[in-house]
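K.L.:
Handing you a structure now.
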Amino acid sequence: MKICIVAEGCYPYVVGGVSSWIHSMVKTFPDYEFVILAIVANRSLRGKFAYELPENVTEVHEVYLQDYDWNKNKSRQKKKRRLDNTEYEALRSLLLNRNVMWEELFKFFSKRNFSFNSLLMGNDFLQAARECYQLRYPEIVFSDFLWTMRSIYLPLFLVLDTELPEADLYHCVATGYAGVLGSMAKVKYGCGLLVSEHGIYTREREEELIRARWVEGIYKNIWIEQFKKMSMLAYNRADLVTSLYGHAKELQVELGCPEEKIRVTPNGIEWKRFEKYEPDSSTGIEPDKIHVGAVLRVTPIKDVKTLIRAFAYAKEEVPKLKLWIMGPVDEDEEYAKECFELVELLGVPDIVFTGRIDVTKYLGGMDMTILTSISEGQPLTILEGYAAKKPAIATDVGNCRGLVYGEDDGIGASGILVHIMNVQEIKDAIVYLAKHRRKREEYGNNGYNRMMAKYKVEDMKKTYQDIYNSFNKVYR
């Protein structure tokens, strides 16, 4: 069976939870052929892979959300033409979000005989946008609204213009733009469509937009509606939708996914990699320190600044503390620079930014792990810490509550849950675990038992083997 993995903004360019999961999945099923359809920002990322691709990955295709200047290059090479009645009604349904005629849109963009410039700057788009404006947003400035609509629909049109690789199954690791591509493929090839959400895409985009400074007021709602629209397409077209835990399933249903399509499929980790730890002097892990390990990408969503502030206060109470921030620092270089400057400004010692490392050499030397994210799904880093019998401090996001306190498994707490951006709570949790060695051991053992009961890679492999086999029988 040939499986096309559709990923947005992660594999194989970025090291992290979702990317690690995809990489593990591909390696777990060496008898299947995989094609990667990767959605990235622009061509500057072309071919810049952070992973060595497994042998069963035969192709990588890239889709760019910010491609050539549509006022210049592409527009000069393609025709300008007015839409016929059906095409216009499809465009109108998209902008108004009323019974969107997706199949007509797929058909229209498959022709590839028009320029985006003529479409977005033409009378048809102007007329549809004006009608949307008059019905919903007459209180705002029309010219601002029109340019916002062009900005919103350009990346979607670039996605709709994609030439899709043929496969037996499209496995989209999100809804959003990935879900649009999967839905297109299902219509074009009659293939299976599986959607796996690690975080709830629509909710994550909504949270980002609420915090964003580049978009204000009613325009936040317009962008949010766009992401909801794309997610609904994926939910409706998918044969099966997976979520990582029960509450995520509830959110999917709330957002419009038919409940009968959803299957809960917890993450699984290669636990044996972390079970044995041999001290390595090259890591710099000193036995007389109390080590706090944060395995993360240094990006705003991980809220590293709050972590640094909380650690600085904790170290005043427990001078033996040392913080290890383990993960790439080049994904958001400006934010990383701000984190480095904050460490200097606070004058706090014993904070190490390791960059990309083999975490198996470090986790066993930690006394606890910590995750201060603003948003998460079901973090692999917590589970990897459990495999090394380390307790976790985590913010109450995603499935962190289920991982730390269990979901009626009778095992007991395996760490401490805190509220997002709460420096005092995070500091208190670090200090408590630092001062109570036996509690660290108890929580660490509970975490190990919880991981072994439900979150081993073998469990995940069995689940997805059943899922892939079910598609193989129907679509091959």
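The values are calculated or read from the model by the stated rules, or taken from the named source; none is laboratory data. The model shown is predicted, which means the values in this text are computed figures rather than measured ones. We place every Cβ from the backbone using ideal geometry, glycine too, and count neighbours over all the protein chains shown. SASA here: full protein model, heavy atoms, side chains in, ligands and nucleic acids out. Shrake-Rupley method; radii C 1.70, N 1.55, O 1.52, S 1.80 Å.
K.L.:
So which residues in the range 205-245 are within 18 Å of the chain's Cα centre (by Cα), among the β-branched types (Val, Ile, Thr) and closer than 22 Å to Arg150 by Cα?
P.N.:
The answer is Ile210, Ile224.
K.L.:
So in the range 90-120, with the set limited to residues that are in a loop (DSSP other than H, G, I, E, B) and crowded, with 16+ Cβ neighbours inside 10 Å, which one is nearest to the chain's Cα centre (by Cα)?
P.N.:
Val100
K.L.:
Here is a follow-up. Working carefully through the options Ile290, Ile301, Ile285, find the one that is under 24 Å from Ile374 (Cβ atoms), touching a residue at least 24 places away in the same chain (Cβ under 8 Å) and surrounded by 18 or more Cβ atoms within 10 Å (Cβ to Cβ).
P.N.:
After ruling out the rest, the residue left standing is Ile301.
K.L.:
Now, a different point. Which residues, counting only those in the range 307-323, are open to solvent by less than 10 Å² (accessible area, probe 1.4 Å) and β-branched (Val, Ile, Thr)?
P.N.:
Across the range 307-323, the qualifying residue is only Ile308.
K.L.:
Does the range 161-172 contain at least one residue that is out of contact with any Leu (no Cβ under 8 Å at 6 or more places or on another chain) and open to solvent by 50 Å² or more (accessible area, probe 1.4 Å)?
P.N.:
Checked the range 161-172: at least one residue is out of contact with any Leu (no Cβ under 8 Å at 6 or more places or on another chain) and open to solvent by 50 Å² or more (accessible area, probe 1.4 Å).
K.L.:
Does Thr381 count as hydroxyl-bearing (Ser, Thr, Tyr), surrounded by fewer than 24 Cβ atoms within 10 Å (Cβ to Cβ) and modelled with pLDDT under 95?
P.N.:
So Thr381 does not fit the description; no.
K.L.:
Is it the case that the range 392-409 has a residue that's open to solvent by 40 Å² or more (accessible area, probe 1.4 Å), hydroxyl-bearing (Ser, Thr, Tyr), under 17 Å from Tyr313 (Cβ atoms) and over 23 Å from the mean Cα position of the chain (by Cα)?
P.N.:
no
K.L.:
Which one is nearest to Arg450 (Cα to Cα) among residues in the range 256-299 that are touching a helix residue (DSSP H, G or I) at 6+ places or on another chain (Cβ under 9 Å) and polar (S, T, N, Q)?
P.N.:
Going through the qualifying residues, I end up with Asn267.
K.L.:
Since Glu275 meets every condition but one in (1) buried (at least 16 other Cβ atoms within 10 Å of the Cβ); (2) closer than 21 Å to Trp21 by Cβ, which condition does it not meet?
P.N.:
Failed condition: (1).
K.L.:
Condition (residue is out of contact with any Pro (no Cβ under 6 Å at 6 or more places or on another chain), part of a helix (DSSP H, G or I), at pLDDT 85 or above and not acidic (Asp, Glu)) applied to the range 68-85: is it met by at least one residue?
P.N.:
Within the range 68-85, one or more residues are out of contact with any Pro (no Cβ under 6 Å at 6 or more places or on another chain), part of a helix (DSSP H, G or I), at pLDDT 85 or above and not acidic (Asp, Glu).
K.L.:
If you check Gly327 against the conditions, is it open to solvent by less than 10 Å² (accessible area, probe 1.4 Å), at pLDDT below 95 and closer than 22 Å to Ala394 by Cβ?
P.N.:
Yes.
K.L.:
Against the definition (without any contact (Cβ under 8 Å) to a residue 24 or more places away in the chain and either open to solvent by 10 Å² or more (accessible area, probe 1.4 Å) or more than 21 Å from Leu363 (Cα to Cα) (or both)), how does Tyr432 come out, yes or no?
P.N.:
Against the criterion (without any contact (Cβ under 8 Å) to a residue 24 or more places away in the chain and either open to solvent by 10 Å² or more (accessible area, probe 1.4 Å) or more than 21 Å from Leu363 (Cα to Cα) (or both)), Tyr432 qualifies.
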